[in-house]
Amino acid sequence: MAYASWAQPSKTQGNGNDTVAWSASDHTGRSPRQTQAVFAASGVTSKTLTIVQAGKAEYVSIDPTAAVAKGGGSVTITGRSNSSKLTFALTGDNGIGLVLPTKYLAASIETNNDTAITGDPGASQEYTFSITFTGIGENTTIGALVSQLTVTANNSTSATCDITQAAGDAYLTIEPTTINLTAAGTAVNVTVESNTSWTIS
Amino acid sequence: MTTQVPWNDGTGESLYLTYGASEGNQTVTVSSDAHTGYVERTKNINFSVTAGSTTISRTLTVKQAGKDITIITRNDVASTENEVAVGYEQ
């Protein structure tokens, strides 16, 4: 039986006494993996070598930043992990007013937040996950808004994404636009609506 | 706070705009010195905001009526002319 392709010997044949070095491609899954290589020579019993590669420590990473248009809409944030479960939470001030989705995609599998991922794909290799925020409202302020998403793996390691919504446009309205004062100059009210400071001239 | 805006019509009289703060949503109360003239006067007042390189302006037109004129017709005096109209300040 051939050894797995992730295991690479320094040579596949030799003569007499020799040393064979083994290397392996990067293993991103949590669980160790193993394969067997058979050394054979004419007239002798074959010998089997078992090669074991350790798993990668459980981890999670996420896009460090994400941008939302000033008009709102949606934003998808992606990351990678080999954890068996991911937990998403909005941390900080949530200036954008995001609503945390109840589901996300892990290795293309729709998964409930804070729930074990079906099939535990992270055991054998890392997977990509994504979470999409929808229904984001328009930024009606003239300053950028910021929210923070934190994703935590099953072993409590975590990563954060700073989500920034672009500053909205300034606006100014007055109502009414024409007023009539009596000769005595009796006061009349005018309503000014704006999202920033204004001047009169 | 109050902003005084002269009518600049030679009377020395002014408009007054009173408001809580010059930012966000506000009610601006507009009043004026009493108009000592007889003709309606008009003043345009500009409200503006600047955000980055963009400036937005809105114009408030303020009109103030002139003081009333009372027309008195007198025909109880001896005169060679009847129905003489004279204007008096009310």
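The values are calculated or read from the model by the stated rules, or taken from the named source; none is laboratory data. Just so we're clear, the structure is a prediction, and the values are computed from it rather than from any experiment. All Cβ positions, glycine included, derive from the backbone under ideal geometry; neighbour counts span all protein chains shown. Keep in mind that these areas ignore ligands, DNA and RNA; they rest on the heavy atoms of the full protein, side chains included. Shrake-Rupley method; radii C 1.70, N 1.55, O 1.52, S 1.80 Å.
Quick look at the values:
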{"quantity": "Condition met for A:Ala69 (among the hydrophobic types (A, V, I, L, M, F, W, C) and in contact with a Phe, Trp or Tyr (Cβ under 6 Å, 6 or more places away or on another chain))", "calculated": "no"}
{"quantity": "Sole exception among (1) within 7 Å of chain B (Cβ to nearest Cβ); (2) on the phi < 0 side of the Ramachandran plot for A:Ile163, by number", "calculated": "(1)"}
{"quantity": "Filter result (closer than 30 Å to B:Gln64 by Cα and either open to solvent by less than 40 Å² (accessible area, probe 1.4 Å) or of a type in the set (Gly, Ala, Ser) (or both)) within region A:160-187", "calculated": "A:Leu172, A:Ile174, A:Ile179, A:Leu181, A:Ala183, A:Ala184, A:Gly185, A:Ala187"}
{"quantity": "Count - residues of region B:33-77 that are among the polar types (S, T, N, Q) and under 19 Å from A:Val192 (Cα atoms)", "calculated": "9"}
{"quantity": "Residues that are free of Cβ contacts under 8 Å to residues at least 40 places away in the same chain and outside any strand (DSSP E or B), drawn from region A:155-188", "calculated": "A:Ser156, A:Ala170, A:Tyr171, A:Pro176, A:Thr177, A:Thr182, A:Ala183, A:Ala184, A:Gly185, A:Thr186, A:Ala187"}
{"quantity": "Among residues of region A:133-159, those that are modelled with pLDDT of 95 or more, of a type in the set (S, T, N, Q) and open to solvent by less than 60 Å² (accessible area, probe 1.4 Å), counted", "calculated": "6"}
{"quantity": "Considering residues of region B:19-44 that are facing another protein chain (nearest Cβ under 8 Å) and not in a loop (DSSP other than H, G, I, E, B) only, the residue farthest from B:Thr70 (Cα to Cα)", "calculated": "B:Glu23"}
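Rundown of residues vs (1) open to solvent by less than 40 Å² (accessible area, probe 1.4 Å); (2) at pLDDT 85 or above; (3) facing chain A (nearest Cβ under 8 Å); (4) not in a loop (DSSP other than H, G, I, E, B), yes/no style:
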position	(1), (2), (3), (4)
B:Thr3	yes, yes, yes, yes
B:Thr11	no, yes, no, no
B:Asn46	no, yes, yes, yes
B:Thr50	no, yes, yes, yes
B:Ile72	no, no, no, yes
B:Asn82	no, no, no, no
B:Val86	no, no, no, yes
